[in-house]
Structures are given as C-alpha cells and as structure tokens.
1. Where in region B:26-40 does accessible area fall by at least 30 Å² between the isolated chain and the complete protein assembly, at a 1.4 Å probe radius?
2. Taking a probe of 1.4 Å and counting only protein heavy atoms, give the total accessible area buried between chains A and B in Å², rounded to the nearest 100.
3. So which lysines can B:Lys163 reach, going by Cα to Cα under 30 Å and dropping same-chain residues fewer than 8 places off?
4. Give the carbon-plus-sulfur fraction of the accessible surface of chain B in %, rounded to a whole number; probe 1.4 Å, heavy atoms of protein chains only.
5. Express in Å², to the nearest 10, the accessible area of B:Phe38 obtained by rolling a 1.4 Å probe over the protein heavy atoms while all chains stay in place.
6. Could you give each residue of region B:157-167 its phi-based ³J(HN,Hα) in whole Hz, using Karplus coefficients 6.51, -1.76, 1.60 with θ = phi - 60°, and x for Gly or Pro?
7. Report D for region A:23-76 in µm² per second (integer): Stokes-Einstein, Kirkwood Rh on Cα pairs, 10 °C, 1.306 mPa s.
8. What longest range of chain B stays clear of loop-exposed trypsin sites (Lys or Arg not before Pro) (DSSP non-H/G/I/E/B, at most 13 other C-beta within 10 angstrom)?
Amino acid sequence: MNIFIPLILGIFVGYLLRDRIKFSMDRPMSVALLLLIFFMGVEAGRVEIDAPKLLISSLVFASFTILGSLLIALLGVRE
Amino acid sequence: MSVLYLVISSLLLGMLVGKYTSLEFGNLYELMLYLLIFIIGIDIGKSRGLREELKRLGKMALLLPSATVVGSLIGGLLASILLKVPPKWGLAISAGFGWYSLTGPLLANYSPVYGIIGFLANLTREILTIIFYPLAIKRIPKEKAIVMGGATTMDTTLPLMVKFGGTEITLLAFVHGFILTAIAPFLIPLILQLL
C-alpha cells in the first residue's frame, strides 16, 4: 500500500500550503498523466502476444466486465 | 477533447516503444504514478469543504464498489459462456477488477494460459477505461461511470477520472478503487478454491 504515502503526504502539503498555492494543479496533473500513460503503454507493448485468441478473449472479458459493472451501477445504484 | 487525443497518442507511442525498442525506463512508471498521486493529494488537501464532500459521498461510497463486484462477476460469467471457458476461470479473471499485476500471477499459479488471459483482460480493462471513460461520461453520470475502472480508480485511472470528471469525484473514485483493491486478493483465490 505504498500508494498511501504520496497521497497522504500530498494532502498534508496541500492543506498546509492551501493559502499559498494559487495556481491550478491541472497542468502538472496533465503532464504527469501523459507520462504515466506512455510508460504504461511501454509495459503493455512488451507483453508478447502470440495467439490472437488470447487477445480476443481478453478483449471480451474486459468489455463484459466493464459493461456488467456499468449496467449494475446504472440500474441498481440510486443517488 | 485535445487531452483525450494526447492520452491515446501517448498510450500508442508507449506501446510502439515497448514493442519495437529495448529502451529501459527502470521504475519511472512507478515514480510517475507516485508523483501523480502526490499531485492529486495536494489538490485534495488545498480544496476546502473536504468534510462536506466525505459526508456527501454517503452510501455511494459502498454502493458503487458493490455494483462493480456484482457487475464484473456477471460480465465475466457471460464472457466465459460466450468463449466456452470454464466458469470458475471466467469469474476469477473478472474478480481482478482491472488489477492485472495481481490477477495474472495469481491465476498463473493454477494455469499459465489463464494467467496470461487474466493479465491481458485486466490490462485491457484499464486501457479501455482510459479510452472510453471520457466518452462515457457524456452520456451517463460521471460518478457511476467510475465503475468502469474497477480497482484502478485508486491509482492509475484516478488522474484521468479527475481530469475529465472533475476534482469532486476524486474521493469517490479513490474509495471505490480502495475497496476493490482490498477485495480482489481474497476473492480471486476464493473463487479458484471453491468452484
């Protein structure tokens, strides 16, 4: 759960400097996001895909789990 | 919309680099993830009315992860029927909720082939979320569309959701991902052992 360290640290820093930080975090977030996605793409590109069947199966599973989640959320969750 | 194009371009460029070069980036991926989470933390910390936001989340914080669990398992079951895969593998693959680095190795303990499918299916879920979340929220509520990302909404897809859905969904997305991240390591082995 290393992810908690930068998050809690960031919240702490943000809270302490809330009156001094006047600029939007939008731009630094966009830059970091694009770099993260680039590196994720690199990781994905390194996976050897020999069988198209594996790819199709993965795509079907991914699509169905996303659609299933969306369907239940839309039908079952009321705000 | 231009950011979406940049996101997709960045992903495709990364995949090309990964496939056709042997460039090593070390642990830059993790470092970038931590940097992003840190920036998001600053954004949360400096925003006012955090307490009101947490109160506002209310039951949604529990209902959305429940919808993701039920929906993912139903989706996995239907996919396994369509692909003629034994249901227990379909359920185990879908119980990863996008956490490919966990699902792949866990399933590979039992079957290398399903380990690869588990890895790719959950990686694909993350990629599809990156591509389709910005489009989905044009038609469905941005809070409910969080379920697309599964467990990844607490880390890798969180910045994207904040970027396109707005800072107000940060906590909801994080809590959603956090709950699923806590469930997945227990649910996958449970499914494999019980079924």
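1. At a threshold of 30 Å² (probe 1.4 Å), the residues of region B:26-40 that become less exposed are B:Tyr29, B:Met32, B:Tyr34, B:Leu36, B:Ile37, B:Phe38, B:Ile39.
2. Details: alone 8090 and 11630 Å², together 13250 Å².
The contact between B and A buries close to 6500 Å².
3. Leaving aside lysines fewer than 8 places away in the same chain, those within reach of B:Lys163 are A:Lys22, B:Lys19, B:Lys46, B:Lys55, B:Lys59, B:Lys138, B:Lys142, B:Lys144.
4. On the way: 5950 of 8570 Å².
The computed percentage sits at 69.
5. 50 Å²
6. 9, 4, x, 5, 5, 5, 4, 8, x, x, 4
7. Values: Rh = 14.2 Å.
In µm²/s, the coefficient rounds to 112.
8. Longest site-free region, per DSSP loop and neighbour criteria: B:140-195.
The values are calculated or read from the model by the stated rules, or taken from the named source; none is laboratory data. Small disclaimer: the values here were computed from a predicted structure and weren't measured. With ideal geometry, Cβ positions are generated from the backbone for all residues, glycine too; neighbour counts draw on all protein chains shown. Please note that ligands, DNA and RNA were not included when accessible areas were found on the heavy atoms of the full protein model with its side chains. Shrake-Rupley method; radii C 1.70, N 1.55, O 1.52, S 1.80 Å.
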